[in-house]
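The values are calculated or read from the model by the stated rules, or taken from the named source; none is laboratory data. From a predicted model like this one, the values you see are computed outputs, not experimental measurements. Quick reminder, even Gly has a Cβ in these numbers, built from the backbone with ideal geometry, and neighbours come from all protein chains shown.
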Amino acid sequence: MNLKNLSKYILILITLIGAIGEGYAQSSITVTGTVTDKEKLPLIGVGIGGKSGRGTQTNVEGKFTLTATEGELLTFSYIGYNTIQLPAKAIMNVVLEENAVMLEAVQVVDVGYGTMRKSDLTGAISSVSAKDLRQGVITSAEQLLQGKVAGLTVVQPSGDPTQGSSLRLRGGTSLSASNSPLIVVDGIPGVDMNTVQPNEILSIDVLKDASAAAIYGSRGANGVIIVTTNRENAGKSMNYNGYVAVGNVAKNLDLLSANQWRAYVRENNISGAIDYGADTNWQEELQRTAVSNSHNISFTNGGKEGGYRASISYLNSEGVIKTSALNRLSGNLSAHQKALNNRLKLEASVFANRDNYNPVDIGIYERAYNLNPTLPVMQNGAYTQIGGTNSNNPVEVLMNRQDDQTRKRLLGFAKAEIDIIEGLKGVVNTSYEYNSQQGRFFWPSYSFNGQTDKGYARRSTGDYTNSQVEAYLTYDKVFDNIHRFNVTGGYSYLINTYEGYGAERRGFDSDLFGYNNLAAGSDFRMGDVYSYKGEAKLISFFGRVNYVLKDKYMLTGTLRRDGSSRFGDNHKWGLFPAVSAAWRISEESFLANSKDWLNNLKLRIGYGITGNQDGIGEYKSLSLMGTGGGAYYDQATDSWKQSYSITQNPNPNLKWESTAQTNVGVDLSIFNRFNLTVDAYIKKTSDLLYTYDVPQPPYLYDKMLANVGDLTNKGIEFTLGASIMKTSDFTWNANLVLAHNKQKIDKLSNDIYQTDAISSGNLHGLTGMTGVYTQIIKEGYPVGTFWGPKFLGFDENGKFLFEKDETGAVINQYLGNVQPKLTTGFAMYFAYKDFDLNVAANGMFGQKILNAQALNISYPGRLPGYNVLDSWLDKGYITEGPIFSDYWIEKGNFLRLQSLTLGYNLPVKNAWFHRIRLYATGENLFVITNYTGIDPEVNISGLKSPGIDKSVGEAKDGDNYYYPRSRTFSFGLNLSF
């Protein structure tokens, strides 16, 4: 080869290299973009890589930068989301979609003093994320969970915005103690759930069975609800959430109108009936269109080494009854910081809120049902008044009174976590909770109820503090990628203190002071001033071991030892063990060919013992003296003095109620679309607390609180989640929860403390019902059992016929019970492009309700002086009443369309907003039921009157009453900056 040819070849080679280089330079680009979820929220740590081998991750704002070849396929992968591949281009904004099955496996669940992957759980634990919580106008945090967790019954027995809801998990476990689950907020047990506002909740985990709840020992018998808040959000953001809502009464009692009353009087030639000439609907005169609004602003600035979050919320919720309202201002501030090369993490949070609210006098309902519809509300500029029992003007009662209540809540905690060595972490958590209640009440002298006393004023205050410190160690270790251990051990110290005082006066010469100058009242009486204080301590040691083998076999053991000042001298300490195991059958080799459709199949079994000490109270095991013995004259001082006597017997054997629970569960996921969880359980509660009658002598007092009874709950629960359809533009998801529980009292007496049965469900305050009890607590039956005469029909004179024995005496017998046989919740989510629709419903089936309001206002003696139900005109053959029997007991089945929300995400194409969402929500749109009362969702908790729709009467002893439920429409806006 000569030099000329060589030069030619070199020139050709150089040209080719240049062309290749030029082509490479043209195809190599810098890719920038953002990765978000379908809610347009940034995803942190998304893995991005291409065939060239280059790779990166998104930062705290979901952004990334990567050098790639134009058109090269880039892979975007993130735990819990579907992996996608897209051709590289200069600007890429990528949206990842959740994979329900993957999320189910990697979801982190709070199990108390630590977290676990949901795939590793051995106990019965249900989790609800913020996006799945109930929507609408929320005035108490308990309402968020209604219809969301199988086995958790959330009853909102009233539309009163100032009242909360009752919680019951897997049936009640006590006769005299609380049946509500223990609430844990950000690791702080025993917290008022309403301390945290709904907008701040990230997730809620519900520990159902004893194997999961035993880590909380003597406070876990009713289950545990763990609330986790938004205190560690990453990235920078500012958000606004707000709505305006309008509500009206959904349903009233159908009473006789003025024209119907006149027609009845005329057709029956009733003498003495007075037609006052008006046409008054007394229920509607008490009501209004309620306008409410809520606003929340939050700020977040978080990174890898620290950050903060702050929010402030305002809620003004009017009630549909005039003067009733709830005004709430709340805020929280959370911060966290890492140090010592990220080995030390410090965290602090403060939650605070203040409620100003105005409850109503529940006596107005009975007055509204009683009054003649021809009577005007006002005459000659004054409220109309007529004589008669419970016949004073309800509008006057409502408007001429001041009832101003203030409730303050504060929760603050500081937490330190340090990585001691690899896998070993130490945690110290200190917290302080403060709840305060102030009451202010005034009847002016010109009011109907204040005339006799020349005005009446009352002030009261009560403070509650909960201070605790907890320290524990956790050790996580994986051996040979086969064995995974998690060990937790710790100590807890808790001190509760409560105190308060109150005063009242009568006889005011001027109404100008209201309740602000009690000294201006000239009439004071014994008992007008009072004060109190109490304290309790709880010391605990706890430990838990989790072991996972090959991601297939799981074993958990828990032990807690509690010492309480509430317990008697002979039982100061209690031990609460639990053990549970799980087997992921789907990971076995014999199911290897099922991977294309079987995603998860896990069998769980657990047993544990938990306790309930809420029924004991402070100093209940000691001998106490009180001022119940009246007064005596002291000659030495020439004055009357208060006498003291024994008011409580000592009981050194007093202890917690103990609940042993066995749970068997199955978790199933198939076709990457359907998730099913089934749990069956048996709960046996022993040493039930109740106050028994005891003889004098040998006892100095005639009653004694003692541990005697046994009670059993058995049930089964189903939770079904389905991703029915998922395309690029359309999503359809559904969730269904079902639960059945059966309760039975097994034992009420022993050799020392005995009772055949306990009467409950009194109808005191209803006409002719003084001393009448409708329920019984009896061995072999559940709490809330109706007991009384069985209705057979009417005789020719319109009198009730009841089943009798051979002597002719009416037989009192079982008439049903208030416990629902089935509770359910149902939710659907639809999304089409930028539109979304949420539908939620809940229901209860199989329970009985005593329609005490119909019993009280459906008898012939009421007309013409009082009003009656319109339906009574068809029952004019009834000639006597009121008489309690199962004639007035109805099926309480219902299914309520709880909420329906339609939302729209506006396309955002500017630097101002990250997200703009508009939505409209309708609540309580309809109820499917055959119950003839106003609403079948009545209180089923407690012993006094569960399942009794008693919206009439004085209800001074805490009986049920009904505040009309509203049908509400709200319009909201969500902004992310």
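Just one residue in the set 633, 619 is surrounded by fewer than 18 Cβ atoms within 10 Å (Cβ to Cβ) and in a loop (DSSP other than H, G, I, E, B); that residue is 619.
Please work out which one of (1) of a type outside the set (Lys, Arg); (2) closer than 20 Å to residue 176 by Cβ; (3) assigned to a loop (DSSP other than H, G, I, E, B) is the condition residue 610 fails and give its number. The single condition residue 610 does not satisfy is (3).
Note on segment 705-798: enclosed strands (runs of 3 or more DSSP E) holding 2 or more residues that are of a type in the set (D, E, K, R) and touching a Ser or Thr at 6+ places or on another chain (Cβ under 6 Å) are 730-747.
Checked against (1) among the hydroxyl-bearing types (Ser, Thr, Tyr); (2) modelled with pLDDT of 95 or more; (3) assigned to a loop (DSSP other than H, G, I, E, B), residue 491 passes all but condition (3). Being in a strand (DSSP E or B), hydroxyl-bearing (Ser, Thr, Tyr) and closer than 21 Å to residue 227 by Cβ: is that true of residue 330 here? So residue 330 fits the description; yes. Looking only at residues in segment 412-468 that are touching a residue at least 60 places away in the same chain (Cβ under 8 Å) and not in a strand (DSSP E or B), the one that is surrounded by the most Cβ atoms within 10 Å (Cβ to Cβ) is 455.
Among residues of segment 367-396 that are farther than 17 Å from residue 858 by Cα, those with a Cβ under 7 angstrom from a residue that is among the polar types (S, T, N, Q) and surrounded by fewer than 18 Cβ atoms within 10 Å (Cβ to Cβ), sequence gap 6+ or separate chain, pair up as 392/385; 393/385. Just one of the numbered conditions (1) surrounded by 16 or more Cβ atoms within 10 Å (Cβ to Cβ); (2) over 25 Å from the mean Cα position of the chain (by Cα); (3) under 26 Å from residue 222 (Cα atoms); (4) not basic (Lys, Arg) is not true of residue 662: (2). Report yes if residue 364 is on the phi < 0 side of the Ramachandran plot, assigned to a loop (DSSP other than H, G, I, E, B) and at pLDDT below 95, otherwise no. Spelling it out, it is not the case that residue 364 is on the phi < 0 side of the Ramachandran plot, assigned to a loop (DSSP other than H, G, I, E, B) and at pLDDT below 95.
In segment 137-155, the residue that is modelled with the highest pLDDT out of those that are surrounded by fewer than 22 Cβ atoms within 10 Å (Cβ to Cβ) and part of a loop (DSSP other than H, G, I, E, B) is 138. Considering segment 469-498, the residues that are under 30 Å from residue 552 (Cβ atoms) and either touching a helix residue (DSSP H, G or I) at 6+ places or on another chain (Cβ under 7 Å) or among the hydroxyl-bearing types (Ser, Thr, Tyr) (or both) include one that is surrounded by the fewest Cβ atoms within 10 Å (Cβ to Cβ), namely 475. Scan segment 380-395 for residues that are β-branched (Val, Ile, Thr) and in contact with a strand residue (DSSP E or B) (Cβ under 8 Å, 6 or more places away or on another chain) and report the count. Residues meeting the conditions: 2.
The rows are residues; the columns are (1) surrounded by 17 or more Cβ atoms within 10 Å (Cβ to Cβ); (2) without any contact (Cβ under 8 Å) to a residue 12 or more places away in the chain; (3) in contact with a helix residue (DSSP H, G or I) (Cβ under 8 Å, 6 or more places away or on another chain); (4) not assigned by TED's automatic domain parsing to the domain that holds residue 210.
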{"residue": "641", "(1), (2), (3), (4)": "no, yes, no, yes"}
{"residue": "697", "(1), (2), (3), (4)": "no, yes, no, yes"}
{"residue": "723", "(1), (2), (3), (4)": "yes, no, yes, yes"}
{"residue": "738", "(1), (2), (3), (4)": "yes, no, no, yes"}
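Scanning segment 326-340 for residues that are closer than 19 Å to residue 287 by Cα and over 20 Å from the mean Cα position of the chain (by Cα) gives no hits.
Contact annotation: residue pairs with Cβ atoms under 6 Å, 6 or more positions apart or on different chains, pairing a residue in segment 652-673 that is part of a strand (DSSP E or B) with a partner that is hydroxyl-bearing (Ser, Thr, Tyr) and at pLDDT below 95, are 657/174; 659/173. No other residue among 265, 244 is surrounded by fewer than 24 Cβ atoms within 10 Å (Cβ to Cβ), part of a strand (DSSP E or B) and modelled with pLDDT of 90 or more apart from 244.
What residue, among those in segment 921-950 that are of a type in the set (A, V, I, L, M, F, W, C) and in a loop (DSSP other than H, G, I, E, B), is surrounded by the most Cβ atoms within 10 Å (Cβ to Cβ)? Before you say what the answer is, go through the steps one by one.
Going residue by residue through segment 921-950, those that are of a type in the set (A, V, I, L, M, F, W, C) are 925-928, 934, 938, 940, 943, 948.
From the residues that got through so far, the ones that are in a loop (DSSP other than H, G, I, E, B) too are 925-926, 934, 938, 940, 943.
Details: 925: 16, 926: 12, 934: 23, 938: 28, 940: 26, 943: 18.
Checking each candidate, the answer is 938.
In this structure, residue 180 qualifies as within 27 Å of residue 415 (Cβ to Cβ) and part of a loop (DSSP other than H, G, I, E, B).
Do we have any residue at all in segment 301-322 that's in contact (Cβ under 8 Å) with a residue 24 or more places away in the chain, part of a strand (DSSP E or B) and of a type in the set (Asp, Glu)? Yes.
Here is the figure for segment 157-177: residues that are touching a Leu at 6+ places or on another chain (Cβ under 7 Å), among the polar types (S, T, N, Q) and outside any loop (DSSP other than H, G, I, E, B) total 0. Closer than 25 Å to residue 321 by Cα, assigned to a loop (DSSP other than H, G, I, E, B) and at pLDDT below 95: does that describe residue 222? Considered against the rule, which asks whether it is closer than 25 Å to residue 321 by Cα, assigned to a loop (DSSP other than H, G, I, E, B) and at pLDDT below 95, residue 222 comes out as no. Quick check: is even one residue across segment 334-347 in a strand (DSSP E or B), of a type in the set (Ser, Thr, Tyr) and in contact with a Leu (Cβ under 9 Å, 6 or more places away or on another chain)? Within segment 334-347, none of the residues are in a strand (DSSP E or B), of a type in the set (Ser, Thr, Tyr) and in contact with a Leu (Cβ under 9 Å, 6 or more places away or on another chain). Could you say whether any residue in segment 921-938 is within 18 Å of residue 159 (Cβ to Cβ), modelled with pLDDT under 80 and aromatic (Phe, Trp, Tyr)? Checked segment 921-938: no residue is within 18 Å of residue 159 (Cβ to Cβ), modelled with pLDDT under 80 and aromatic (Phe, Trp, Tyr).
From 812, 838, 842, grab the single residue that is closer than 27 Å to residue 171 by Cα and either of a type in the set (D, E, K, R) or under 36 Å from the mean Cα position of the chain (by Cα) (or both). Every option except 842 fails the conditions.
Condition check ((1) under 20 Å from the mean Cα position of the chain (by Cα); (2) under 30 Å from residue 146 (Cβ atoms)) across all residues:
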{"site": "202", "(1), (2)": "yes, yes"}
{"site": "213", "(1), (2)": "yes, yes"}
{"site": "219", "(1), (2)": "yes, yes"}
{"site": "243", "(1), (2)": "no, yes"}
{"site": "254", "(1), (2)": "no, yes"}
{"site": "259", "(1), (2)": "no, no"}
{"site": "263", "(1), (2)": "no, no"}
{"site": "273", "(1), (2)": "no, no"}
{"site": "280", "(1), (2)": "no, no"}
